[in-house]
Amino acid sequence: MTTSRPSGQRQTPYYEDVSPGTGSLPARAWTARTDARDLSLNGSDWRFRLSPSADGQDDAFAQDGFDDSAWDALPVPSHWVLHGHGSPAYTNVPYPFPVDPPRVPDENPTGDHRRVFDLPDGWPAGPRAEGETLLRFDGIESCARVWLNGQELGTFQGSRLPHEFAVGPLLRPRGNVVAVRVHQWSAGSYLEDQDMWWLPGIFRDVTLLHRPPGAVTDFHVHAGYDHTTGRGTLRVDCEPEGRVSIPELGLDLATGETADVPVEPWTAETPRLYEGELTTAGERVPLRVGFRTAVVEDGLFKVNGRRVLLRGVNRHEFHPDTGRAVDEATMRHDLELMKRHNVNAVRTSHYPPHPAFLDLCDELGLWVVDECDLETHGFLALKGVTNPVDTDEWTPALLDRAARMVERDKNHPSVVIWSLGNESGGGRGISAMARWIRERDPSRPLHYENDYVYPDSDFYSRMYLPHEEVELIGRREEPPMGKPEQDERRRALPFILCEYAHAMGNGPGGLADYQRLFETYERCQGGFVWEWIDHGLPRRTADGQPYFAYGGDFGEDPHDGNFVCDGILLPDRTPSPGLVEFKKVIEPVRITPGTEPGTVTIANGHDFADLSGLAFTWSWQVDGEALATGRLELPDPALAPGESVDVALPAPPATDRAGETGWTVRAELAQDTSWAERGHTVAWGQVSGPRAGSGGSTGPRGALMAPRRDEGVLRLGPGVFAPDSGVLRRLDGLRLTGPRLDVWRATTDNDDGAPWQPDTRYGPLWRSHGLHRMTHRTDAVEADGDALVVRTRVAAAASPLALRAVYRWTATSGVLRLRVSVEPEGDWDFPLPRLGVRLGLPAAYGHARWFGGGPGEAYPDTCAASMTGRWHSTVDAMQTDYVRPQENGARMDVRWAELTDRPGGEGLRVEADPAPFWFTARRWTSEYLDAARHTTDLVAGDTVWVNLDHGMQGIGSQSCGPGVLPEYRLDVVPAEFSFVFSTLAPGTAGA
Ligand code: GAL
């Protein structure tokens, strides 16, 4: 490689060349195994050397005799920065190097990879060998130069796209040397500004493929479905010619010939595949054919003649240990998790995934938006530089990327939409890609979001729009954006939110409100939550405690902090509450109270499947405890998509138990599927029944007792209070701190909001008003008849705003009742984070039971999945370990809660009086939680802190989207709420 001439004039090195590269073969369809031989070169036998720059290394390492014994070992696939060579770095929009396309800095980490391998016995090798052998790289970030046995094969860019080289004549039976030089930065990096870690390396498979004479060079399966006749058409184009057989359909035809037969169509709900084979003179290629037709027609995206509703997620490839080198078990696990959570679509943001992932999508059933490896986001806000997507110079590279995606993935029934890339603006390169794809594969609609007059998209697609605007779009009444004819064209397009519901930290809020719009307006065909998984990387503190790191934790500058952790899975793939909520919101069967008491309405919200795959069960509860269960039979025939039925629930069994009654009805898988076992809950609903028995469980019982001063303390019934502050110190001998008024929560990523969000961001506003450091002033501690009344003013330093809080305590034997009245003072023109009381208990009281919403956390706009019932947990398990610690763990609609020293042990009981409350318990205060940056900053103290809230501010998704909708705001108004406190002796819990 020559980078400078004696004259001093620099020749463009290949890694700064905008052209697609040299030496690789034309793109073609990817297949898993065929009967031709292959040899994986993955493994731990690779040797590795890292250099700080691209210059200064010759190609001696590619030669036979080179001594690499001093090099480190590095597995392939991998990213070297995850193996102790350099560090990962995270930026969202900004390029981590000066923007001067196509130049890259001298500091250009360069990894030389080298492996020696033998061919298996009988592998045809050498100049006179039969057939050809290809060397395939499925993904290298960002630029590679490759050699085999000392001979240079070529160079390439396009990180998440395959590149193949013909190597047959160079091979020998033993001691082959494959050498790969990988540069972290290249011209291609300018096209790969996706919001994720920068992770260089050979991160996908390296394979040697034998191509016998007459083997398949490329093939294209065209398998459509005509919903009006129920027939499928099949044509397989192939080079060279051959035959296609699908025994199950009795098909045996020549390539290029069309067959027309009755078939069961492929859909994401019913992923029917027909096994077959493509045979040429030299190869047998297994086929899995799914018949389906995807079109945009009458302003709607339709598959097999029907509008489909996309319940989607954006999926980056990510594993905390291996980065974007994701193994097949993890891919399958992702898809199983998606299917189990009712997700039916995936956008492969923002590059084509590992090809095996698409095989799994075909098999398990997902609508796939396959997105090209293209993003130039960092240019959009810059002046004085030309965005590569709008130049002739870069267009060949863009076309190469489009072709490598389409050719590789064209045979997947799951791929129903091509996407040109992400956030690159519009331009001639983008339009050239669109033209090329439309011509090459007219059978799939095209998606592109980032050119707002949509010349190159069959969808009107946006990100993070407020609900209000989605509603206008649903009515095809959105505000004009371009010229009248452009507006007219756009208004005729189907609408999707290619990203919405930014799942950073606690949230996203408002999912159910979006879903209502998608189910109301046919033009709104759903969307893709941003995003599937938090990209947290595992690290340890100095004393060995594990945590997940985010941007900035590796010392990189610039960086975008924890914006890289915005998934509905935590980095270790634990579903976060956001995914549990999403599953409920998008469930394809709606189970709601029927029109008559004692009935339930079941509605089939699938697009294609009837309900024959589901079994329904009911359970009947009193005060959240199931007393009877059974099967719920639905009338025959099975409900078709769009149909609903009212079903009578069985009469409840006789009981002498008093309390709230209700039914829970569940739709469960009737049989095992490829993604979950029989009995897996797909959907559920609750129907309340009449109150059983008489009387409630709340409220003080017996005669009121009077407060009295005694030995320097105040006593009221079982309570002992501090005489000056009037704060409760003991209840029946149980040591307590508080309760006192509390309004603060450790701000969530959505409270803090992204700086570019246009509407008010409450997190910073709350802090500016000092809500995180409220002080309490006691104005009076007085007896009022049988009540102890404590008058206080709760306010922050430097602020005239205050909340006047009056605590009115009354007691009967063994029971204390607290009524809190809150009167705002001053002009509170913003909502509160929370409104309630906080109290502390000794650390031993770490077991919780409650009757109310559960099992997981809920907030006003994230509560669809909160099921009313009886739940128990430890305080530790009530926490959600968001990668950046923040408010979490509230349980909603709680009627009573208990904290005890062991299951069934002694402790505290709090009852609603009568309004249910929000219940939160943790081993640290909100202030402590707020100060933490990583989970390891949270160290349990000697107190269990309990928040009992009358009101809670919603969550929204302002970390990259709209804030909290007005109906979920906790506006400051006069408020009154009550609780009843008692202690529990061992064995009395839960009565
Ligand atoms: C979008 C972008 C995504 C991601 C997201 C915020 O603008 O397409 O890649 O950055 O915002 O997390």
Practice task
Would you confirm whether any residue within the stretch 29-49 is within 30 Å of residue 424 (Cβ to Cβ), buried (at least 21 other Cβ atoms within 10 Å of the Cβ) and touching a strand residue (DSSP E or B) at 6+ places or on another chain (Cβ under 6 Å)?
Solution key: no
Practice task
Can you tell me which residue among 154, 150 is surrounded by fewer than 24 Cβ atoms within 10 Å (Cβ to Cβ) and over 28 Å from residue 283 (Cβ atoms)?
Solution key: 150
Practice task
Might you check whether a residue that is open to solvent by less than 10 Å² (accessible area, probe 1.4 Å), of a type outside the set (S, T, N, Q) and either at pLDDT below 95 or closer than 22 Å to residue 518 by Cβ (or both) occurs anywhere in the stretch 314-324?
Solution key: yes
Problem - Filter pass, residue 508 being away from the ligand (no atom under 12 Å from the Cβ) and outside any helix (DSSP H, G or I) - result: no
Practice task
Inspect the stretch 547-557 for any residue being within 15 Å of the ligand (Cβ to nearest atom), over 20 Å from residue 337 (Cα atoms) and either open to solvent by less than 10 Å² (accessible area, probe 1.4 Å) or not aliphatic (A, V, I, L, M) (or both) and give the result as yes or no.
Solution key: yes
Handout entry: Among the residues listed as 414, 424, the single one being open to solvent by less than 10 Å² (accessible area, probe 1.4 Å) and within 16 Å of the ligand (Cβ to nearest atom)
Key = 424
Fill in the blank from the handout: How many residues of the stretch 753-794 are assigned to a strand (DSSP E or B) and open to solvent by 70 Å² or more (accessible area, probe 1.4 Å)? The answer is 6
Handout entry: Conditions (1) modelled with pLDDT of 95 or more; (2) surrounded by fewer than 18 Cβ atoms within 10 Å (Cβ to Cβ); (3) touching a strand residue (DSSP E or B) at 6+ places or on another chain (Cβ under 8 Å): number failed by residue 702
Key = (1)
Completion exercise
Among strands (runs of 3 or more DSSP E) entirely inside the stretch 85-190, those with 2 or more residues being touching a helix residue (DSSP H, G or I) at 6+ places or on another chain (Cβ under 9 Å) and among the small types (Gly, Ala, Ser) are none
Handout entry: Filter pass, residue 555 being closer than 23 Å to residue 938 by Cα and in contact with a strand residue (DSSP E or B) (Cβ under 7 Å, 6 or more places away or on another chain)
Key = no
Problem - Some residue of the stretch 476-495 being within 16 Å of the ligand (Cβ to nearest atom), crowded, with 24+ Cβ neighbours inside 10 Å and at pLDDT 95 or above - result: no
Handout entry: Those strands (runs of 3 or more DSSP E) lying entirely in the stretch 276-358 with at least 1 residues in contact (Cβ under 8 Å) with a residue 24 or more places away in the chain, among the charged types (D, E, K, R) and within 16 Å of the ligand (Cβ to nearest atom)
Key = 345-347
Exercise for the section: Examine the stretch 575-582 for a residue that is touching a Ser or Thr at 6+ places or on another chain (Cβ under 9 Å), among the aliphatic types (A, V, I, L, M) and outside the structural domain of residue 81 (by TED's automatic domain parsing), and state whether such a residue exists. Expected result: no
Problem - Flag for residue 540 being under 25 Å from the mean Cα position of the chain (by Cα) and either away from the ligand (no atom under 13 Å from the Cβ) or open to solvent by 20 Å² or more (accessible area, probe 1.4 Å) (or both) - result: yes
Exercise for the section: Look through 214, 250 and report the one residue that is in contact with a Ser or Thr (Cβ under 9 Å, 6 or more places away or on another chain) and either closer than 30 Å to residue 502 by Cα or small (Gly, Ala, Ser) (or both). Expected result: 214
Exercise for the section: Answer yes if at least one residue in the stretch 216-226 is closer than 25 Å to residue 440 by Cβ, within 16 Å of the ligand (Cβ to nearest atom) and touching a residue at least 40 places away in the same chain (Cβ under 8 Å), and no otherwise. Expected result: no
Exercise for the section: Give the residues of the stretch 730-752 that are of a type in the set (S, T, N, Q), outside any loop (DSSP other than H, G, I, E, B) and within 18 Å of residue 884 (Cα to Cα), sorted by residue number. Expected result: 750
Practice task
Sort through 448, 500 and tell me the only one that's within 16 Å of the ligand (Cβ to nearest atom), closer than 30 Å to residue 235 by Cβ, surrounded by 15 or more Cβ atoms within 10 Å (Cβ to Cβ) and not hydrophobic (A, V, I, L, M, F, W, C).
Solution key: 448
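The values are calculated or read from the model by the stated rules, or taken from the named source; none is laboratory data. Keep in mind that what you see is a predicted model, and the values were worked out from it rather than measured. Cβ sites come from the backbone with ideal geometry, for glycine too, and all protein chains shown count toward neighbours. For the accessible areas, the whole protein counts, side chains as well, though only heavy atoms, and no ligand, DNA or RNA atoms are used. Shrake-Rupley method; radii C 1.70, N 1.55, O 1.52, S 1.80 Å.
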